[in-house]
Amino acid sequence: MSGLKWMPAQPSQPSFLRKFLRKPWFAMLGTLLIATALQACAPQLTPQEPCNFVMSAEQQRVSWKIDVPVTLYLDSSVPSHFQEPIQAAIRDWNQSLGREVLRLGGWSNRTSPGQDGANVIYFMNNWELDRSNEQARTTVFWAGSKIFEADLRINGRDFDYFTGSTPVAGKVDLQSLVLHELGHVLGLAHSDSGGSVMAKSLPNAYLRRTPTSSDISNMKCEY
Ligand SMILES: [Zn+2]
């Protein structure tokens with residue numbers, strides 16, 4: 001199982017309000033008010049076909065629009081032998097789409113995931129105890145229907161991973177997992193349709209390294 005978390009943009013606020021806005025209920029209210037104001041000024045948008053994308057309240061596909069390739073950085077917590085399978089997963093999407101939508105930007109040294117203007121892959125040794133069945137989680141930050149940041153966490157506490165081409169009993173294929181999470185980074189939701197790399201669960205010792213034709217045609221609605 002893997003998780004996906006969608007984070008609406010937090011509007012910047014005057015400094016005297018910040019202390020109060022840290023309270024979650026107030027931050028949420030502020031966001032809702034801003035969204036309503038934008039909606040009132042925005043032209044009426046024609047609803048789009050979902051193509052298995054997460055949809056905005058205005059029925060628009062949530063994506064990076066023309067702002068690709070998306071550059072992802074590797075946090076120093078990521079084991080160095082994971083770099084090649086992560087690069088391979090990026091290549092899988094780029095080759096399937098016939099264009100560069102994702103790119104690896106090198107190593108980064110961030111303290112923790114969060115909205116900080118960089119798209120970073122983390123390997124976490126701490127993970128919520130009540131989410132121990134989650135192999136990874138992608139957090140997407142967006143405003144309107146435009147994604148502006150995504151972070152990817154791999155659960156290093158509850159799962160073991162293999163990186164070669166031979167499945168290993170009791171371990172998860174890192175490349176298949178990252179391919180799925182990169183689908184979320186680009187905006188895709190989960191899919192149950194036959195063999196999709198966006199299926200919600202990834203069994204141990206299982207290779208799922210190639211997007212299906214429907215994964216690709218969905219992705220091509222945006223990219
Ligand atoms: Zn997922």
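The values are calculated or read from the model by the stated rules, or taken from the named source; none is laboratory data. What you see is a predicted model; the values in this text were computed from it and never measured. Here the Cβ positions follow ideal geometry from the backbone for every residue, glycine too, while neighbour counts run over all protein chains shown. Heads up: the accessible areas ignore ligands, DNA and RNA and are worked out on the full protein's heavy atoms, side chains in. Shrake-Rupley method; radii C 1.70, N 1.55, O 1.52, S 1.80 Å.
The numbered conditions (1) within 14 Å of the ligand (Cβ to nearest atom); (2) among the basic types (Lys, Arg); (3) without any contact (Cβ under 8 Å) to a residue 60 or more places away in the chain are all true for residue 131 except (3). Within segment 154-202, being open to solvent by 10 Å² or more (accessible area, probe 1.4 Å), of a type in the set (S, T, N, Q) and within 24 Å of residue 112 (Cα to Cα) holds for one residue alone: 175. Does residue 71 count as modelled with pLDDT under 95 and of a type outside the set (A, V, I, L, M, F, W, C)? No, not satisfied.
Here is a yes/no grid of residues against (1) open to solvent by 10 Å² or more (accessible area, probe 1.4 Å); (2) at negative phi; (3) away from the ligand (no atom under 16 Å from the Cβ); (4) modelled with pLDDT under 95:
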| site | (1), (2), (3), (4) |
| --- | --- |
| 67 | yes, yes, yes, no |
| 80 | yes, yes, yes, no |
| 87 | yes, yes, yes, no |
| 93 | no, yes, no, no |
| 115 | yes, yes, yes, yes |
| 139 | no, yes, no, yes |
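As for segment 146-167, it holds no residue that is of a type in the set (Ser, Thr, Tyr) and in contact with a Ser or Thr (Cβ under 9 Å, 6 or more places away or on another chain). If the condition is being closer than 25 Å to residue 134 by Cα, open to solvent by less than 40 Å² (accessible area, probe 1.4 Å) and assigned to a loop (DSSP other than H, G, I, E, B), then segment 206-223 contributes 208, 211, 212. Scanning segment 191-216 for residues that are near the ligand (Cβ under 9 Å from one of its atoms) and within 21 Å of residue 72 (Cα to Cα) yields a total of 1.
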